[in-house]
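Everything on this sheet refers to the single structure shown next.
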Amino acid sequence: MEATMETGQKDFNLMKYFIGGLSLILFFALTVVGYIKVSESRQEFKPVISDKNRKCIGCHIKKGIGEGGINDWKHSRHAEKGIGCFECHKAEKGDSDGYNHEGFFIATIVSPKDCGKCHEQETKEFTESHHANAASFIGSLDNVLGNVVEGPAAANSGCRQCHGSEVKVLKGGKLDPATWPNTGMGRINPDGSKGSCTACHFRHSFSKAQARQPENCGRCHMGPDHPQIEIYNESKHGILYAANKDRMNLNNPKEKWIAGKDYLYPTCASCHMSATATQPVTHDIGKRISWTLRPAVSKKLDNWEERRKAMKDVCHSCHAAEFVENHYTQYDNAVNLYNDKFGKPAKAAMEKLAAKGKLTPTQFDEKIEWTYYELWHHEGRRARMGAAMMGPDYTQWHGFYEVAKHFYNKFIPELKELDPGLANEIMAMPEHQWKKGLSKEEIGKTIEYYQKRYQQ
């Protein structure tokens, strides 16, 4: 009996020591892992700095010029790969903006042509995009308004900071202050290339996380005439992003960053640029856009079926097929409604006024020209863009409501003063018959007309 008790006690002691040993091992393991993690979190990233770049950095820090940019670069993927000041700013012999600087021949502007030496595919896609031609607004009504009606300084500090300017080079490679600084999307560079990569990939970190955020696009896509960021923020897409930003994996180094797999909530980039399971990432920002919503009257773009197919593929990453198809039906109906009821009649009326000599060749010297401009350029765009991006408030109150109010209360009365016949011609359209006062029967017929025409 005593022997049995003694054996049991020994077994108990062995078990106690065994458990204690395991606990001690576990404790040490956790301590080591924790130490490693803390060390990793505290470890300062050490960039790869060549001798040439070290000279640039040392001189700039000594003179107190651009240290913030240097420190930003030190945490970039460029720095990780040893790509620094000299590799990006090195100028070639014959470059008009090249100049000698502390023993180096450099250029201030790093153009898409320069970036394309490493990022060939991205540069090719961007060059073929609508973004690259953003400076082509020169000669448009927007340019007349900014450069002539308002004044060149307004256009330089306003319009051209988003659209881009044609950068002029002064003696010694210095840049004309009337055209620089400028990181506008369609900037025309001294080397002949179009665009500015830093319009989206800000210097000097060139962070993917920063470029993927909606706020990045909202720098230019905002305001009364193209409020995409405001529309996005009020939409379910924007609300989901804001609530789940910390789960978006924005800094994912993977080139594809696939919607529905690497992240869940849509941004501007995820819809217009990012990869899906079946299509690659693209820097052609308009490749998935089927309607053009910018002009007075919208039209479907060339190859619009393929463009829409590509965007639907993005939608299918999160939405069922029926949802996607019905959204596009609603969107198309809204655009067609704007075109047929307001856009086309107003545009035709303005063209007829000009043909009859009832408008001068000078833009914005007559009241109706301002009214018409805002009708399509402001309110009309907001209505169409709101429908495209599922922003109901911008579709209705900032959009169609404003279109209708100014069409009936400003445009038509102003048109009637200049040409009563044209005004009466527009108001005789079935869509505008409500102005005469409608009976219940006539209201029913009007609703039936809309349902049939716009498939409601």
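The values are calculated or read from the model by the stated rules, or taken from the named source; none is laboratory data. Everything numeric here is computed off the predicted structure, so don't read it as measured data. Reconstructed Cβ throughout: ideal geometry from the backbone, glycine too, with neighbour counts over all protein chains shown.
Residue-by-condition table, conditions (1) in contact with a Gly (Cβ under 9 Å, 6 or more places away or on another chain); (2) farther than 30 Å from residue 148 by Cβ; (3) crowded, with 21+ Cβ neighbours inside 10 Å:
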| residue | (1), (2), (3) |
| --- | --- |
| 372 | no, no, yes |
| 390 | no, yes, no |
| 418 | no, no, no |
| 433 | no, yes, no |
| 445 | no, yes, no |
| 449 | no, yes, no |
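I'm trying to understand the selection: among the residues of the stretch 220-239, which are free of Cβ contacts under 8 Å to residues at least 40 places away in the same chain and surrounded by 15 or more Cβ atoms within 10 Å (Cβ to Cβ)? Listed by number, the residues that qualify are 222, 229, 233, 238. For the stretch 227-247, filtering for residues that are in contact with an Asp or Glu (Cβ under 9 Å, 6 or more places away or on another chain) and among the aliphatic types (A, V, I, L, M) leaves 2. Checking each residue of the stretch 284-300 against the condition of being outside any loop (DSSP other than H, G, I, E, B) and of a type in the set (D, E, K, R) gives at least one match. So, residue 94, is that one touching a Ser or Thr at 6+ places or on another chain (Cβ under 9 Å), in a loop (DSSP other than H, G, I, E, B) and farther than 26 Å from residue 160 by Cα or not? Criteria not met by residue 94. Whether a residue is touching a residue at least 40 places away in the same chain (Cβ under 8 Å), β-branched (Val, Ile, Thr) and surrounded by fewer than 22 Cβ atoms within 10 Å (Cβ to Cβ) was assessed, and residue 179 does not pass this test.
Screening the candidates 209, 155 for the property of being over 17 Å from residue 112 (Cα atoms), touching a helix residue (DSSP H, G or I) at 6+ places or on another chain (Cβ under 7 Å) and not polar (S, T, N, Q) yields one hit, 155.
Looking at this structure, is residue 74 closer than 26 Å to residue 219 by Cβ, modelled with pLDDT of 95 or more, of a type outside the set (A, V, I, L, M, F, W, C) and surrounded by fewer than 20 Cβ atoms within 10 Å (Cβ to Cβ)? Taking the combined requirement at face value, the residue does not satisfy it. Residues in the stretch 73-116 that are within 25 Å of the chain's Cα centre (by Cα) and more than 21 Å from residue 184 (Cα to Cα): 73, 75, 76, 77, 78. Does the stretch 160-172 contain at least one residue that is closer than 25 Å to residue 84 by Cα, modelled with pLDDT of 95 or more, β-branched (Val, Ile, Thr) and part of a loop (DSSP other than H, G, I, E, B)? Checked against the condition, which is being closer than 25 Å to residue 84 by Cα, modelled with pLDDT of 95 or more, β-branched (Val, Ile, Thr) and part of a loop (DSSP other than H, G, I, E, B), the stretch 160-172 yields at least one hit.
Considering the stretch 294-328, and only residues there that are touching a residue at least 24 places away in the same chain (Cβ under 8 Å) and more than 19 Å from residue 237 (Cα to Cα), the residue that is surrounded by the fewest Cβ atoms within 10 Å (Cβ to Cβ) turns out to be 295. Which number in (1) out of contact with any helix residue (DSSP H, G or I) (no Cβ under 6 Å at 6 or more places or on another chain); (2) within 25 Å of residue 227 (Cβ to Cβ); (3) part of a helix (DSSP H, G or I) marks the one condition that residue 134 misses? Here residue 134 meets the rest and fails (1).
Checked against (1) more than 30 Å from residue 275 (Cβ to Cβ); (2) in contact (Cβ under 8 Å) with a residue 24 or more places away in the chain; (3) out of contact with any Ser or Thr (no Cβ under 8 Å at 6 or more places or on another chain), residue 136 meets all criteria but (1).
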